[in-house]
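Comments concern the structure below.
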Amino acid sequence: MTNPSPSISARFDRYAASRLQREDLFFFLWRVFDVLHKERGEEFVPNWHLEAMCWQLERVAAGQTRRLLITIPPRHLKTITTSVAFVAWLIGKNPALRIIIASYGQDLPMNNLRDLRRLMESQAYRRVFPGVLIKVTGSQIRTSRGGSIRATSVGGTITGIGADYIIGDDLLKAGETGSSQIREAAFNFYQHSLVSRLDNKSEGRIILVQQRLHADDVAGRLLDADGGFTHLNLPAIAEEDQTIAIGPGRVHQRRCGDVLFPQREPRETLDALRREMGSVVFIPQYQQRTDGAGSDLFQWSWFLPP
């Protein structure tokens, strides 16, 4: 029996890869990152925290969770994971879905829309999801099956628009949380504008992803109110031992003092950021805690080697 020719083997490998990416969001995210960033010389780093986010997002897609809150430091690939890869993956599986992506300003969701268009028009995406045809009009991507991806911002007009999924990606801007009016506006937008856009209130899904900024930010209010959110909390440095699900039957054992993404932000970088930013700013944004805001309750010496 002869071995298959290289061309047949290559086609099989592409088919197997496409099938894996259709079924597993983490591997799809890996492909998305390559499509959007490899030409800049950036390599995807398959860190466990990305698996953790993808697993929770997959649970939302499966209906096992209908409200998900992810709190994570900046620059840890939260936007490309939730607002780009997950959205494109959902539409690939069901082009009739309607999705709203919201942020504190219009720039971020519009950037996400541009990345989504670039991704969904790429050969790599069409290989994974060959049946998805899109048309871009203003702040919206429409599919040939009646689905849509709409970008909006806090205070933006979304009257008359329904959604199956709502993604709130940083509804508050760092540096503006000192204003109680801005915090109130962000929460009111979430509570009165976004939530009401769900077509089916019992089945619709909401994902919020952000860095913590204030005890009274959107995440803080929802957690205090016990709003039924599954909370994936990922501080830059673990302050206690954690067992974090990263897939079906798979967990990551995180030890106190472990750095979240050492390949990109090692301990030395975090130490420098803390000194430069000050603990009052660093603790909420990087440690996802607001009880230390306004004081220096966080003792860095807790995590220094003896």
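The values are calculated or read from the model by the stated rules, or taken from the named source; none is laboratory data. The structure displayed is predicted, hence computed values, not measured ones. Positions of Cβ are backbone-derived with ideal geometry, glycine not excepted, and every protein chain shown enters the neighbour counts.
Pairs only if they're at least six apart or on different chains, beta carbon under 7 angstrom, first in the range 47-65 and basic (Lys, Arg), second part of a loop (DSSP other than H, G, I, E, B); list them, first residue then second.
59/65
The conditions are (1) over 23 Å from residue 279 (Cβ atoms); (2) under 18 Å from the mean Cα position of the chain (by Cα); (3) charged (D, E, K, R), and residue 217 fails exactly one of them. Which is it?
Against the list (1) over 23 Å from residue 279 (Cβ atoms); (2) under 18 Å from the mean Cα position of the chain (by Cα); (3) charged (D, E, K, R), residue 217 comes up short only on (1).
Mind checking whether some residue in the range 142-152 is touching a strand residue (DSSP E or B) at 6+ places or on another chain (Cβ under 8 Å) and touching a residue at least 60 places away in the same chain (Cβ under 8 Å)?
Scanning the range 142-152 turns up at least one residue that is touching a strand residue (DSSP E or B) at 6+ places or on another chain (Cβ under 8 Å) and touching a residue at least 60 places away in the same chain (Cβ under 8 Å).
List the residue pairs whose Cβ atoms are under 6 Å apart, where the first residue sits in the range 159-182 and is modelled with pLDDT under 90, the second is surrounded by fewer than 20 Cβ atoms within 10 Å (Cβ to Cβ) and not in a loop (DSSP other than H, G, I, E, B), and the two are 6 or more positions apart or on different chains.
The qualifying pairs are 176/182.
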